[in-house]
1. Has the stretch 42-65 got at least one residue that is assigned to a helix (DSSP H, G or I), of a type outside the set (Phe, Trp, Tyr) and out of contact with any Leu (no Cβ under 6 Å at 6 or more places or on another chain)?
2. Given the structure, is Arg17 among the basic types (Lys, Arg) and touching a Lys or Arg at 6+ places or on another chain (Cβ under 9 Å)?
3. Considering the stretch 91-112 alone, what residues qualify as being assigned to a helix (DSSP H, G or I) and either touching a Pro at 6+ places or on another chain (Cβ under 7 Å) or within 12 Å of Trp46 (Cβ to Cβ) (or both)?
4. Under 9 Å between Cβ atoms, at least 6 apart or on separate chains: pull out the pairs that start in the stretch 30-42 with a residue that is closer than 17 Å to Asp119 by Cβ and end on any residue that is loosely packed, with under 14 Cβ neighbours inside 10 Å and among the aliphatic types (A, V, I, L, M).
5. Condition first: touching a residue at least 60 places away in the same chain (Cβ under 8 Å) and among the β-branched types (Val, Ile, Thr). Can you find one or more residues in the stretch 50-60 that meet it?
Amino acid sequence: MNQESTDSTDRTTQTLRTKKCLPCEGGVDPLTDEQSRGLLSGLSGWSLSGDGKSISRSLNCKHFPAAMKLMNQIADLAEQEQHHPDLHLTGYRHLEVVLTTHAIGGLSENDFIVAAKIDPLVDV
């Protein structure tokens, strides 16, 4: 990645972090694959599902209390944004975060806003 695209990616991520999720009750189209990939490029460690309807990030925490602390931080953030990920804790310390906008059956900008706001909780 060249410096110009890195700067653009950083600006996109920072922009997402300053936004608030908007209520979504359906009636709008999900993001296209191209739009999703563009927004995804600025996020750390997130993957687009094969069907393009969700993004996810897998995290390995040091131990169970650390995993629970992170889950609670993500839950607090999700409540603030009123956009809630699916959280899966397995093996006592392996956390998977999955974001999708259920009301539209795919991805919306809200998913990327929440993902961008989760990254600083993880990347410390």
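Throughout, read-outs are computed from the coordinates displayed, never taken from laboratory work. These figures come from a predicted structure and were not determined experimentally. Glycine also receives a Cβ, built like all others from the backbone with ideal geometry; neighbour counts cover every protein chain displayed.
1. Here is the first cut: in the stretch 42-65, the residues assigned to a helix (DSSP H, G or I) are 64-65.
Checking the rest, the ones that are also of a type outside the set (Phe, Trp, Tyr) come to 65.
Now narrow it down to the ones that are out of contact with any Leu (no Cβ under 6 Å at 6 or more places or on another chain): 65.
Yes, some residue in the stretch 42-65 is assigned to a helix (DSSP H, G or I), of a type outside the set (Phe, Trp, Tyr) and out of contact with any Leu (no Cβ under 6 Å at 6 or more places or on another chain).
2. Values: among the basic types (Lys, Arg): yes; touching a Lys or Arg at 6+ places or on another chain (Cβ under 9 Å): yes.
Against the criterion (among the basic types (Lys, Arg) and touching a Lys or Arg at 6+ places or on another chain (Cβ under 9 Å)), Arg17 qualifies.
3. From the stretch 91-112, those assigned to a helix (DSSP H, G or I) are 102-104, 109-112; that's our starting set.
If the condition is that a residue be assigned to a helix (DSSP H, G or I) and either touching a Pro at 6+ places or on another chain (Cβ under 7 Å) or within 12 Å of Trp46 (Cβ to Cβ) (or both), then Ile104, Asp111, Phe112 are the ones that fit.
4. Once the first residue is closer than 17 Å to Asp119 by Cβ and sits in the stretch 30-42, its partners that are loosely packed, with under 14 Cβ neighbours inside 10 Å and among the aliphatic types (A, V, I, L, M) give Ser41/Met1.
5. Going through the stretch 50-60, the residues touching a residue at least 60 places away in the same chain (Cβ under 8 Å) turn out to be 55, 57, 59.
Filter again for among the β-branched types (Val, Ile, Thr), leaving 55.
Yes, that holds for at least one residue.
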